[in-house]
1. Given the options Gly95, Gly131, Gly99, name the one that is at pLDDT 95 or above, of a type outside the set (A, V, I, L, M) and under 18 Å from Arg16 (Cα atoms).
2. In segment 77-121, what residues are over 20 Å from Leu135 (Cβ atoms) and charged (D, E, K, R)?
3. Kindly indicate whether Glu84 is surrounded by fewer than 21 Cβ atoms within 10 Å (Cβ to Cβ), acidic (Asp, Glu) and part of a helix (DSSP H, G or I).
4. Could you list, in sequence order, all residues of segment 68-98 that are of a type in the set (Asp, Glu) and closer than 14 Å to Ala117 by Cα?
5. I want to confirm something. Restricting to segment 104-123 and keeping residues that are loosely packed, with under 15 Cβ neighbours inside 10 Å and not hydrophobic (A, V, I, L, M, F, W, C), which single residue is farthest from Val20 (Cα to Cα)?
6. Among the listed residues Tyr126, Tyr105, Tyr81, identify the single one that is hydroxyl-bearing (Ser, Thr, Tyr), at pLDDT 95 or above and within 25 Å of Trp15 (Cβ to Cβ).
7. Of everything in segment 55-77 that's of a type in the set (A, V, I, L, M, F, W, C) and buried (at least 18 other Cβ atoms within 10 Å of the Cβ), which residue is nearest to Lys4 (Cα to Cα)?
8. Do we find a residue being free of Cβ contacts under 8 Å to residues at least 60 places away in the same chain, within 20 Å of Val19 (Cβ to Cβ) and of a type in the set (Phe, Trp, Tyr) anywhere in segment 68-81?
Amino acid sequence: MARKVFFSFHYADLWRANVVRNSGMIEGYAVAGFHDASLWEETKMKGESAVRHLIDAGLDGTTVTVVLIGAETANRQWISYEIERSIARKNGILGIKIGAIKDQYGKAGVSGALPEALSKAGAPVYLWEYGKLGLWVEEAYNMANPQTRPMRD
């Protein structure tokens, strides 16, 4: 079954976030949470209420939230909000450290601290590994929705 995935990340990590999103590992999965940077900036100028609305709209209909953890992710106000709203929605949730992914200039980044809200949720956190995203998404969904797991004899 296809999962609609919301990606939570710091916009300074957009290149690395696109590497994950475009990895082909969630083919058939809908992707949310990728707003045009100009839309994000325009919304921020309208105030916190507008940003909350944009995030809530992006989360609408999603079943799993993937938090992409770069150098500054833990310090971003809206990352915490996205995690908290995802938990309230009962989305499956997981973190992926993306510091080792090279940017558009071929330079690896730094994996920073885990966002506190992600740690409090007890969400699994992985180092980015090509080929694993679909499996991790499905596992996160199943953890959040134990009633949907197949019964075993």
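1. That would be Gly95, the only listed residue that is at pLDDT 95 or above, of a type outside the set (A, V, I, L, M) and under 18 Å from Arg16 (Cα atoms).
2. Listed by number, the residues that qualify are Glu82, Glu84, Arg85, Arg89, Lys90, Lys102, Asp103, Lys107, Glu116, Lys120.
3. In short, yes.
4. Of everything in segment 68-98, those that are of a type in the set (Asp, Glu) and closer than 14 Å to Ala117 by Cα turn out to be Glu82, Glu84.
5. Lys120
6. Tyr126
7. Val64
8. No, every residue in segment 68-81 fails to be free of Cβ contacts under 8 Å to residues at least 60 places away in the same chain, within 20 Å of Val19 (Cβ to Cβ) and of a type in the set (Phe, Trp, Tyr).
The values are calculated or read from the model by the stated rules, or taken from the named source; none is laboratory data. As the structure is a computational prediction, the values presented were derived from the model and not from experiment. FYI the Cβ positions are ideal-geometry reconstructions off the backbone, even for glycines, and counts take in every protein chain you see.
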